[in-house]
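Have a look at the structure below, then the notes.
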Amino acid sequence: MIFEINEQDGGYVATVSGRLDTPAAVKAQQEIAPLLENADKQITLDCKDLEYISSSGLRLFLTIRKEASAKGGKVIIEHINDEIKKVFMMTGFFNLFDIR
């Protein structure tokens with residue numbers, strides 16, 4: 001799993017690639033610190049290369065959303081594939097995020 005964060009247009013874009021399973025989510029918890037610190041801005045999670053997401057991965061996305069909500073920021077999820085979209089639909093996450 002690769003979690004690459006770049007500052008862009010006054011916000012942040014995090015590109016998520018590979019499998020966001022439990023071990024990857026534990027590692028990514030440290031990598032998302034810049035997003036949590038800047039959660040008052042727009043955060044875009046680009047998931048075009050995300051192949052799989054576990055409940056731990058969903059919890060990681062939820063952590064980012066909660067911090068953004070508390071600080072007045074916004075989280076957008078882009079380019080999820082059909083399998084990830086099914087997971088989001090089944091878990092109710094589809095209604096929690098701005099998915100494009």
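List of remarks:
- With a threshold of 18 Å on the Cα-Cα distance, the over-threshold entries among Lys41/Lys71; Lys41/Lys66; Lys27/Lys85 are Lys27/Lys85.
- Among Asp82, Asp40, Asp21, the largest mean-square fluctuation in a Gaussian network model of the chain, built with springs joining Cα atoms closer than 10 Å, belongs to Asp82.
- Put simply, the convex hull of the Cα atoms in the chain casts, on average, a shadow of 5.3 nm².
- Cα-centre dipole for the chain with unit charges at Cβ (Lys and Arg positive, Asp and Glu negative), debye to 20: 360
- Under 5 Å, built H, 5+ apart or other chain: amide partners of Leu50: Gly18
- Span-rule helices in the chain, defined as complete DSSP H runs reaching 18 Å or more along the axis (Cα) with Kyte mean at least -1.0: 55-71
- Cα-centre dipole for the range 41-88 with unit charges at Cβ (Lys and Arg positive, Asp and Glu negative), debye to 20: 380
- Probe 1.4 Å, accessible area per residue of the chain, Å²: 55
- Phe94-Leu36 FRET efficiency (beta carbon distance; Förster radius 25 Å; 0.05 resolution): 0.65
- Difference of contour (0.36 nm per residue) and Cα-Cα distance, Ala70 to Glu83: 1.7 nm
The values are calculated or read from the model by the stated rules, or taken from the named source; none is laboratory data. None of the values given here were measured: they were computed from a predicted structure. Note: ideal-geometry Cβ built from the backbone for every residue, glycine included; neighbour counts use all protein chains shown. Note: areas computed on protein heavy atoms with side chains; ligands, DNA, RNA excluded. Shrake-Rupley method; radii C 1.70, N 1.55, O 1.52, S 1.80 Å.
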